[in-house]
Every structure is written in structure tokens, then in C-alpha cells.
1. Can you find a residue in the range 25-48 that is at pLDDT 95 or above, more than 12 Å from the chain's Cα centre (by Cα) and on the phi < 0 side of the Ramachandran plot?
2. Name the helices (runs of 4 or more DSSP H) wholly inside the range 54-141 in which the number of residues that are modelled with pLDDT of 85 or more is 3 or more.
3. In the range 42-49, is there at least one residue being closer than 19 Å to residue 109 by Cβ and of a type outside the set (A, V, I, L, M)?
4. Being touching a residue at least 24 places away in the same chain (Cβ under 8 Å), assigned to a helix (DSSP H, G or I) and either under 15 Å from residue 100 (Cβ atoms) or of a type in the set (D, E, K, R) (or both) is the filter here, so list the residues in the range 22-53 that pass it.
5. Which one is most open to solvent (accessible area, probe 1.4 Å) among residues in the range 6-65 that are over 19 Å from residue 115 (Cβ atoms) and hydroxyl-bearing (Ser, Thr, Tyr)?
6. Just one of the numbered conditions (1) in contact (Cβ under 8 Å) with a residue 24 or more places away in the chain; (2) of a type outside the set (A, V, I, L, M, F, W, C); (3) under 28 Å from residue 120 (Cα atoms); (4) surrounded by fewer than 19 Cβ atoms within 10 Å (Cβ to Cβ) is not true of residue 98; which one?
7. Any idea which residue in the range 1-21 is farthest from residue 100 (Cα to Cα), counting only those that are free of Cβ contacts under 8 Å to residues at least 24 places away in the same chain and not β-branched (Val, Ile, Thr)?
Amino acid sequence: MQYVAPVGIGVLYALLMSLVREPHRRRLNALIVAGAGAAYLSGGGLGGWEFAFTALVTYVAFRGLDSWTFIGVGWLLHTAWDVVHHIKGNPIVPFAHTSSLGCAICDPVIALWCLRGGPSPTGMFRDRGRSREEPRATMAR
């Protein structure tokens, strides 16, 4: 369950966020990834590197205001930071020893959704199975 629940949380996040209309959806996700980049600051487990990482993710999130790709990259950066914290032993939630591991499992799920352009629920299923180069069929009169 320790490995399945974070995947479910990532999917639930994508489903709930996809209900927000564009362009607000992209901008809101950029703000959230910026906040996630600062999540470890209070723990201070990696000293000054915590500030450097926060600055990097803040820049990536700023670029994410106009780009789903940058938001996805921000979540992947956070995944790497989660792994480092899990190995070093400074979890994101101090009283939950494996919380950084759970975050490292959840974040790539969110990143994949972002790298697909943060589609709405109808967009996720409508374009499923269709190649990106295949034109949409139009009805002839």
C-alpha cells in the first residue's frame, strides 16, 4: 500500500486539477510546483542546498506560467529532491519516515500529466489512441 497510495494520490491530483479551466489550470499548477520546491526548507536537511534548490524550482515554475513542459520538469526535479531526502533521512513530513518516498512516487505521476499538457478529463480520453500527427476527422456536408 505504501507504493500504491502515492500513485492514486497523483492520479487524483491530476483529475481534480483538470477540472480547473485553462489558462488558470496551468498557472495554478505553476504556483503549486513552486510551493513544492520550498517544502523542505523548514527541515534544513541539506543546508544551503535547500535554498539553491528552491531558487531553481522557483525559476522553473516561473517559466511554467506559460509552459506545461516546465511544470512537468519542476515535478521531476522535486522527485529527485524527494529521493535525496529519503536516502539522507530527512523526510518531507518529519513524523512520517517514508513520506519523501511517497512523494517521490507521486510526483512523477503528476509530471506525466503535466508533460501531456495537463489535459482535462474529456481531453485525456478523447485523444487516447490517436496519434498526434493524425488529423481530426471532419464531417463533409
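The values are calculated or read from the model by the stated rules, or taken from the named source; none is laboratory data. Quick caveat: nothing in here was measured; it's all calculated off a predicted structure. Counting neighbours? That spans all protein chains shown, and the Cβs are built from the backbone with ideal geometry, glycine included. Note: accessible area is taken over every heavy atom of the protein model, side chains too, but ligands, DNA and RNA are not part of it. Shrake-Rupley method; radii C 1.70, N 1.55, O 1.52, S 1.80 Å.
1. Yes - at least one qualifying residue is present in the range 25-48.
2. Passing ranges, in order: 68-88, 99-115.
3. There is no residue in the range 42-49 that is closer than 19 Å to residue 109 by Cβ and of a type outside the set (A, V, I, L, M).
4. Passing the criteria: 25, 26, 27, 36, 37, 53.
5. Restricting to residues being over 19 Å from residue 115 (Cβ atoms) and hydroxyl-bearing (Ser, Thr, Tyr), the top hit is 42.
6. (3)
7. If we filter the range 1-21 for residues that are free of Cβ contacts under 8 Å to residues at least 24 places away in the same chain, which is where we start, we get 1, 4, 8, 12, 16, 20-21.
Imposing the further condition that a residue be not β-branched (Val, Ile, Thr) reduces the set to 1, 8, 12, 16, 21.
Numbers: 1: 15, 8: 16, 12: 18, 16: 22, 21: 30 Å.
The selected residue is 21.
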